[in-house]
Every structure is written in C-alpha cells, then in structure tokens.
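Here's the structure we're looking at; comments come further down.
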Amino acid sequence: MKPVVISIFLLSLSLYDAAVLNCYQCNAKNNVTCEQTVVECQEGEKCLIISEELQLNGTFPSIYKGCSRNIPCGKTPYSRATNDVSIKFSTKCCDTDLCNANFYEMPEDVAPMGDTCPSCYAPNTLEVCDPGNNTIQCRAKSDRCFVFAGTAEKPDGVAFNFTLGGCMSSLTCQLAPDQLVGFTIFNYTVFVCTEHPTISPTTVKKTEE
C-alpha cells in the first residue's frame, strides 16, 4: 500500500510544478531592455512580455516582463488621437519556464479599415478639446471613438494635463490604468469610449454642462 501512496504524492507534486511557472520579471520606461530577475507566478498564469510605444512629442518605448496578470495574450491594443499622438501595445505569452526572455517587439501598423472618429489633442489643459472638422480613421471595424481628459506622466518623467479624442480598440477601452507600462495615468476627469462613431469631445462637453 505504501508504494501506491508515495506514487500519488509524487504525482501531485509533479502536477503542481507543471501548473506554476518561473518567469523573467522586469519593467523599463523609455527603454527597450530591462534588468531581469526571476519570479514564481501564481497557478494558471503564463509568462508575459508587453511592449508599449507612446508617440507624443517623440517616440517612447517601454517594456514589461513578468506573469500574465489577467492581460489578454497575443493582442495589439492601441489608441490614436492624431497621426502624431498615439499609444500601442503588443502582448505575448508563453507557458514554459523562463520562456519570456525575448526582447521588445512592436508589430507594424495595419492599414486602417474602420470608421472615422473626431480627432483632437490639447496639452496642458483639462478642458475638453474641440476637434472641429478633424477626423481620424480607425484601424478596425470593432474600434471605438473615445474622449479623455486627465493627468499623466510620460516615460521620460514629464507630467502634464491633457485632453484628446480619437480612435481606440475595444480592448484598450477595458484596460485599467495600472496595466500600462511606461505611460502613467494619475487621474482623469473625462473618459468616454463608445461604439457610436459620431461621439465627439464637443458632445461630451455639452453633456457635462
């Protein structure tokens, strides 16, 4: 009977080991590399790499490695207000020990195929910006129009108030501020993300009033 009990115990240990991964962990703002340590993930989590690129008065790459943190894998969420103001991500997961040793990687932009949204950006203010007749074409049919006003810090450490409106993938609408890597949002006064293609910052402003 003892050999059977020992076999069951050893099997349970092997199943536990298979369910828990060791992954590289690091986080770097305004950089494509980071100094890695090893962390043990929770059961069911995968190893993850997030590459993030902010375009705002320059291009700022950031990278995160670690456990999957309930972030969808194999996705490229994005947000774009103008051709010069955008943020996009690449998330990659793997399910073997220390498999997230790869480097920063940002896929090429795809050709826009979605609806258009009102487009504007205004720094150093929390007053909702007015797009006038400016629009931007979204990347996919499932993308949404958004309006945002708040306070944030760029990966280079510059904090500022800003407001913007444009296109956003539906996945980006669902991201929590602490899931961003290099672009830190401290707080916001306006955030509206809708499937309706005619939403505009002007409409949001009138609704607030």
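Every read-out reported here was derived from the displayed coordinates using simple, explicitly stated rules and does not represent laboratory data. On a predicted model such as this, the values are computed, not experimentally measured, just so you know. When we count neighbours, we look across all protein chains shown, and the Cβ atoms used for this are built from the backbone with ideal geometry, even at glycine.
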Given a cut-off of under 8 Å on Cα pairs at least six residues apart, what relative contact order in percent is computed for segment 9-208?
20 percent
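Return the FRET efficiency for the residue pair Asn133, Asp178: r is the Cβ-Cβ distance, R0 is 41 Å, and the value is rounded to the nearest 0.05.
Computed FRET efficiency for Asn133 and Asp178 comes out at 0.70.
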What distance in nm separates the two pseudo spin-label positions at Val158 and Gln36, each 7 Å out from Cα along the beta-carbon direction?
3.3 nm
List the pair-distance distribution P(r) of segment 9-208, using every Cα-Cα distance, as the percent of pairs falling in each 5 Å bin from 0 up to the bin containing the longest distance, rounded to whole percents.
1, 8, 15, 18, 17, 14, 10, 7, 5, 3, 1, 1, 0, 0
By Cβ neighbour count within 10 Å, fewest first, Arg139, Arg144, Arg69 rank Arg69, Arg139, Arg144
Obtain the nm distance between the two label points defined at Thr76 and Cys26 by a simple spin-label model: each point lies 7 Å from its Cα along the Cα-to-C-beta direction.
2.5 nm
For segment 48-125, listing GluC sites (Glu not before Pro) in a DSSP loop whose Cβ sees at most 13 other Cβ atoms within 10 Å gives Glu105, Glu108
